[in-house]
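Trainee: Here it is, the structure in full.
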Amino acid sequence: MCSLWRGSLLTLTSSLNRRVFQCCRQFGRSYNIASCMPEAVAFQGVSDHSGLYKFSVNESDRFWGAVARQRLSWISPFHTVQNCDFSQGKIKWFEGGKLNVSVNCLDRHVHTCPERVALIWERDEPGTEVKITYRQLLELTCRLGNLLKRQGVRRGDCVTIYMPPCPLAVASMLACARIGAAHNVVFAGFSSEALADRIRDAQSSTVITVNQGVRGGKVVDLKRTVDQAVQNCPSVQQVLVAMRTENTVAMTDRDVPLEEEMMKEDVVCEPVAMDSEDVLFLLYTSGSTGKPKGLVHTQAGYLLYTSLTHRYVFNYHDGDVFGCVADIGWITGHSYIVYGALCNGGTTVLFESTPVYPNPGRYWEMVERLEINQFYGAPTAIRLLLKYGDEWVQNYNRSSLKTLGSVGEPINTEAWEWYHRVVGDGRCPVVDTWWQTETGGICIAPRPADPEAEIVPGMAMRPFYGIKPALLDTEGEVLSSNDSTGALCISQAWPGMARTIHNHHQRFTETYFQPYPGFFFTGDGAHRSKEGYYQIVGRLDDVINVSGHRLGTAELEDVVVCTIKSHQIKCIYIALRTQPKTPNSKQCRCRSTIIIMCLPKTRSGKIMRRVLRKVVERNTDELGDLSTLDDPDSVHEVIRVPQLHI
Ligand code: PRX
């Protein structure tokens, strides 16, 4: 069965992937692992990155114990590194330990470098950025923490945050962490229904929002969306409203003017000593299939994992400017704009705008102006910008760039090459980072800090320290040899993984641990090359089965993008049939093609394939929940356009 996972198209994509890039030149050929990861001194016999990786999976307790002691500031030490049992979906790390996440992200840096810039708020209008130092961010966080306490928020409560990327949003997240409340950040582009669903599920009594958002030159009435949402949320007692624009909005008795009230509060707020396994936040998955799940992440393990991956996947060093252009409403924003970056004392960019505002040079103009060293974005934006031509990139000085990252979906070969050759001038490693809301942090990615490592375009490459991937076939057998394709699972626990689904532990175990007993099941398919490198094939529920050929949507999309060069066509939506060629090799042919100008995508850029499927099945009355769609008109276009039979 397993060989059928690999359609003939994969062979084509693999042949495009042959070019191999050496990851990193900065260490030269000889290096000392201890200078790269200080903890490695304690690991006897470990002298290079591959030795360190083996140690991290074989001696998981020793590895994570040493890293946790070295990297986090503890109020009380932990007594047990891990206590995990996949059969019950039980995941516990660093039990007995107490710490405060906001102290790790703020206070300890304020002690050593109070005037270092923590946040660069890249506001919608280019050239109007605002810089916030660690000292200022701690003050904002403490005032907000005190205000939340005054409003009755207690340890264990869950505060919903509906704000665009801005310093007060980050301070709100950290204020929750400081006083022991959990947060539930909802992407500030979601509809009032999607917001209400998430507030109700989290049972929040407090919502934090802004009067209006500003994005791509347009003003969006976010407070109005909150007003509509809370009408159907009896748990909500107060809405704290920050002023992003100068326009006044109608305030009710329930509403609290945030800046005005926080200025009355003290700049000192005593951090609560939290247990390692107390909840840090809930984050609802974007829901391209089924009902959104409120994934739960906890304190110590999550913080440790995001800071370690931020350091080593991006090769982040003190003084670098980290530019992740995701929204804080996604896990990418939580893990790399906020927690990983701040835990490392980094300078991190909060991007409020869009890749094409005021023009398609926006990202690169920002890279030049802010001197960004690590740029982390999504393939969907890279593909969009590629179509506008190289000049938009080349107009700007990008010599500050050291590492380019990609996340969220497979990056097709053409986009990867363009990112590497044009954006990075062929000198910056491109790290295609595979992970999920559930994994908390990056699990498979090249490691540019490793001078031995190579990078193959379009491949996520290697597991991170402590991550032991496995590929399983449909019978549940582990595929132990290289050059195989199967369901991507992870065979042992790591500190960053989600602990449960809020109020639905059974759904958690059923979704992630029961499909392949003994493994965490990711829902994605992957191919492991002859060399042992991983390539993500796409969601398994998106795999198209054509006469026994299981074709991943990533493979198909890559081939289509490579074959069709017209920049006018944004999307082709193809129905397939296979044609036998010889008994052992089958070839795919398109039976029908639908050419449309835009696909129904969620706000995080994922194609809502269930909608496409329903349209093809002529089942347009059952499209399901569309409230998280980026552009609801895209569905009408898919329905309207006739299928072209070829
Ligand atoms: O299918 C994989 C895809 O995005 C899914 C996770 O989505 P979400 O929880 O919204 O988190 C996105 C940001 C981490 C995965 O199951 N995905 C993510 N990164 C990649 C990817 N697919 C291919 N290559 C990637 N680098």
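Trainee: Taking Thr306, is it more than 16 Å from the ligand (Cβ to nearest atom) and either touching a helix residue (DSSP H, G or I) at 6+ places or on another chain (Cβ under 8 Å) or free of Cβ contacts under 8 Å to residues at least 12 places away in the same chain (or both)?
Mentor: Answer is no for this residue.
Trainee: Now for a separate question. Tell me which residues, restricted to region 407-445, are open to solvent by less than 10 Å² (accessible area, probe 1.4 Å), more than 11 Å from the ligand (Cβ to nearest atom) and assigned to a loop (DSSP other than H, G, I, E, B).
Mentor: Gly424, Cys428
Trainee: Working only within region 96-126, note down all residues that are open to solvent by 50 Å² or more (accessible area, probe 1.4 Å) and over 22 Å from Ile179 (Cβ atoms).
Mentor: Thr112, Glu115, Arg116, Arg123, Glu125
Trainee: Here is a further query. Which residue out of Leu350, Leu385, Leu404, Leu370 is more than 19 Å from the chain's Cα centre (by Cα) and buried (at least 23 other Cβ atoms within 10 Å of the Cβ)?
Mentor: Residue meeting the stated conditions: Leu385.
Trainee: Same structure, new question: Find the residue count for region 500-521, including only residues that are open to solvent by 70 Å² or more (accessible area, probe 1.4 Å), touching a residue at least 40 places away in the same chain (Cβ under 8 Å) and farther than 24 Å from Asp473 by Cα.
Mentor: The qualifying residues number 3.
Trainee: Could I ask something else about it? Only residues that are closer than 17 Å to Tyr284 by Cα and open to solvent by less than 10 Å² (accessible area, probe 1.4 Å): list them for region 149-168, please.
Mentor: Passing the criteria: Val159, Thr160, Ile161, Tyr162, Met163.
Trainee: Just the residues that are under 30 Å from Glu368 (Cβ atoms) and either within 16 Å of the ligand (Cβ to nearest atom) or free of Cβ contacts under 8 Å to residues at least 40 places away in the same chain (or both), please, taken from region 446-475.
Mentor: Selection gives Pro446, Arg447, Pro448, Ile455, Val456, Pro457, Gly458, Met459, Ala460, Met461.
Trainee: So Leu282 passes all but one of these: (1) over 17 Å from the mean Cα position of the chain (by Cα); (2) modelled with pLDDT of 95 or more. Which condition number does it fail?
Mentor: (1) is the only condition that Leu282 fails.
Trainee: Another question about this same structure. Answer with yes or no whether Gly127 is at positive phi and of a type in the set (Gly, Ala, Ser).
Mentor: Taking the combined requirement at face value, the residue satisfies it.
Rundown of residues vs (1) under 30 Å from Val611 (Cα atoms); (2) away from the ligand (no atom under 16 Å from the Cβ), yes/no style:
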site	(1), (2)
Phe190	yes, no
Glu193	yes, yes
Ser205	no, yes
Glu270	no, yes
Met274	no, yes
Asp278	no, yes
Thr285	yes, no
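Trainee: Need pairs with beta-carbon distance below 6 Å; first residue more than 21 Å from Leu304 (Cα to Cα) and within region 95-124, second open to solvent by less than 40 Å² (accessible area, probe 1.4 Å) and among the charged types (D, E, K, R); sequence gap 6+ or separate chains.
Mentor: Note: pairs meeting the criteria are Arg123/Glu352; Asp124/Glu352.
The values are calculated or read from the model by the stated rules, or taken from the named source; none is laboratory data. Just so you know, these numbers come straight off a predicted model, no measurement behind them. As a convention, Cβ positions derive from the backbone with ideal geometry for all residues, glycine included, and neighbour counts pool all protein chains shown. Each accessible area value is taken on the protein alone, full model and side chains, heavy atoms only, with ligands, DNA and RNA left out. Shrake-Rupley method; radii C 1.70, N 1.55, O 1.52, S 1.80 Å.
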